[in-house]
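**Student:** To start, I am sharing the structure in question, which I have written as structure tokens.
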Amino acid sequence: MKDTISDAERQFLKHAFKHDYVSVIIVNTETLEGEELVGSVGDFAEKGVIDNIDIVTARFYLANVQNVQVEDLIKKTRMSKIIEELEKSDTYVVQFESKNKRGKVRNYQTEFAYTDDDKKHIIATTTDITELVLQNKNQKELISMAMERLGKANHARESFFANMSHEIRTPLNAIVGMAEIAKDNIDDKNKVIECCDIMLASAKELTNVVSNILDSSALESGSVNLQVHPCSIRQAVQDVIEEFDSTYKKPGQELIYELDVKHEVAMLDEERLKRAGINILSNAAKFSPADGKIKIKITEESKPGAKKGAYIFEIIDEGKGIDKENLQRVFEPFFSEKDITGNYSGGPGLGLSVVKNIAEAKGAEVTIESELNEGTIVRAYDPVTFIDNEVIVRKRTEIKQVLEGKRALLVEDQTANRLVANNMLKRFGAEVEMAENGKEAVDIYTENPAGHFDLILMDIQMPIMNGYEATKLIRESGKEDAKSIKIIAMTADVLPRDIENAKNAGMDEHIGKPIQPQYVQKIFDKFFEKKGD
């Protein structure tokens, strides 16, 4: 080999290779003689001289490589095999695991290639790839873990959609069925009232399911703004109990209510407080026997004269309880448990998840304790700002003819929704004109003198022209009342961005569908109630 490489060339190659390779060998393909220019894998060759590369490499692999791969490795690195592979490609690569000089197992890769056009000499360069192998291994493990989590998430979502379909179709079936029964018994006033009560209860249940779905997404992404205002805790809880009694309570179940607070009025997001209560109570009812007792206990934590404190809510049931394994998961999205009969009827699995998200959004804390066959206690610690009890809080908003003498333009493309909104406006005392899309609304508004309308109720998703575009055109019309006329969105678009879009378009307020007259009354009171009423 000495006649092929000069001493100067040898020194240059050693210097060039030693930083990147643990071993560099040049082999004569005809004589199998070789020279190790760089060597630190092991005692590969005495003084770098190799008489027969096949014998030397076989001896090295037998001494240092794991038995499970040594025989295969020897076959792969025989010179005849190397030459065969180099006929197919410019390089030939072999990877193996071997002990280094310190006796530690490392991962190596040897790459073979011809050094000349005559194919008389082959260079074998070996690199330590241990770190790369570990990195790839870690990446594979991370990918495996991610795929496992994705699989679990997909399974949870499949269960969610199956349960959600059940939860939506059940109240829908009751609504449709009761409507049919009411039609068949139209002359029986009591029967019709009974059907209407069931339809209203089922509609509330359906609304709660949809609201949970929307809130779950909004709260987790942090894109929801809590609507905080003075609220009577007594009235809010009574509203929850009424909805629970009419919609969720099993026949024979008893609900016990205890309220022990000094401050009955505090700054709260009333609608979400009620939804959280319904979510917890409906779970308690599902997992409790028909003759079971459910208890609501509300106490106050505060210092004398302090404006800040906390309400402590406890909902206690005598149900079948939750085992320790599932107790850790009840606040996870999409989680469902078996009910008292053994059937999976825990809803779409968003109820308690939404409760936890609502609590975290306002700095509250929710915990759960449970024992199998003993029952469950859900506690919520809710920091609040108290308001003097003398502050007037409407205990129950009554429908008043606050729009008496006012004219409203109702813009709604759906016939059924138009009938509902028209009836509601007339209950408030308004005279109503109607449009079926945004363009028609703009035409009617501009064709009439300023002051002709006091109020416009505007749907958003409509053909020809949507509510946003119609509102902007009305505001920019140049009429005397264009900037002052009250325009209120009345829409099924109820996400936070939808409310923001309505305000950006120039609307004064937002009413979400299904329309709740009690909520609408508060808005009309704000805009039209006479002082002193």
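**Student:** Hey, how much of the P(r) for segment 227-387 falls beyond 29 Å, as a percent of Cα pairs?
**Tutor:** Values: 2052 of 12880 pairs.
Percent of Cα pairs beyond 29 Å in segment 227-387: 16.
**Student:** Follow-up. Relative contact order, percent, of segment 227-387 when contacts are C-alpha pairs under 8 Å separated by at least 6 residues?
**Tutor:** RCO, segment 227-387: 25 percent.
**Student:** Okay, moving on. Which value, in debye to the nearest 20, gives the size of the charge dipole of segment 407-528 about its Cα centre, when Lys and Arg are +1 and Asp and Glu are -1 at the Cβ? Mind dumping the intermediate values first?
**Tutor:** On the way: 15 positive and 20 negative charges, 76 e Å.
Dipole magnitude for segment 407-528 comes out near 360 debye.
**Student:** Here's another thing I want to ask about it. Fully extended, how many nm does the chain gain between E84 and E480 (0.36 nm per residue separation, minus their Cα-Cα distance)?
**Tutor:** Working: separation 396, 0.36 × 396 = 142.56 nm, distance 9.27 nm.
Taking E84 through E480 to full extension adds about 133.3 nm, to one decimal.
**Student:** Report the Cα centroid-to-centroid distance between segment 219-289 and segment 433-500 in angstrom, as an integer.
**Tutor:** Here the answer is 35 Å between Cα centres.
**Student:** How charged is the neighbourhood of L259? Take every other residue with its Cβ under 9 Å from the Cβ of L259, and add Lys/Arg as +1 and Asp/Glu as -1.
**Tutor:** Details: positive: R234, K297; negative: E258, D260, E264.
Here the count lands on -1.
**Student:** Can you list, largest first and rounded to whole Å, the semi-axes you get for segment 463-525 by taking the square root of 5 times each eigenvalue of its Cα gyration tensor? Intermediate results must be reported in sequence, preceding the final value.
**Tutor:** On the way: eigenvalues 85, 45, 19 Å².
Ellipsoid half-lengths, sorted descending, are 21, 15, 10 Å.
**Student:** Please go through the residue pairs K250/K426; K406/K439; K140/K356; K204/K250; K75/K101 and name each one whose alpha carbons sit more than 28 Å apart in this structure. Display every interim value, and only then the final one.
**Tutor:** Numbers: K250/K426 37 Å; K406/K439 23 Å; K140/K356 34 Å; K204/K250 16 Å; K75/K101 24 Å.
K250/K426; K140/K356, as the Cα separations exceed 28 Å there.
**Student:** Hey, any idea what Rg/Rh is for segment 407-528, computing Rh the Kirkwood way over Cα pairs?
**Tutor:** On the way: Rg = 12.9 Å, Rh = 14.1 Å.
Rounded to two decimals, Rg/Rh equals 0.92.
Readers should treat all values here as calculations from the given coordinates under stated rules, not as data from a laboratory. Keep in mind it's a predicted model, so treat the numbers as computed, not measured. FYI the Cβ positions are ideal-geometry reconstructions off the backbone, even for glycines, and counts take in every protein chain you see.
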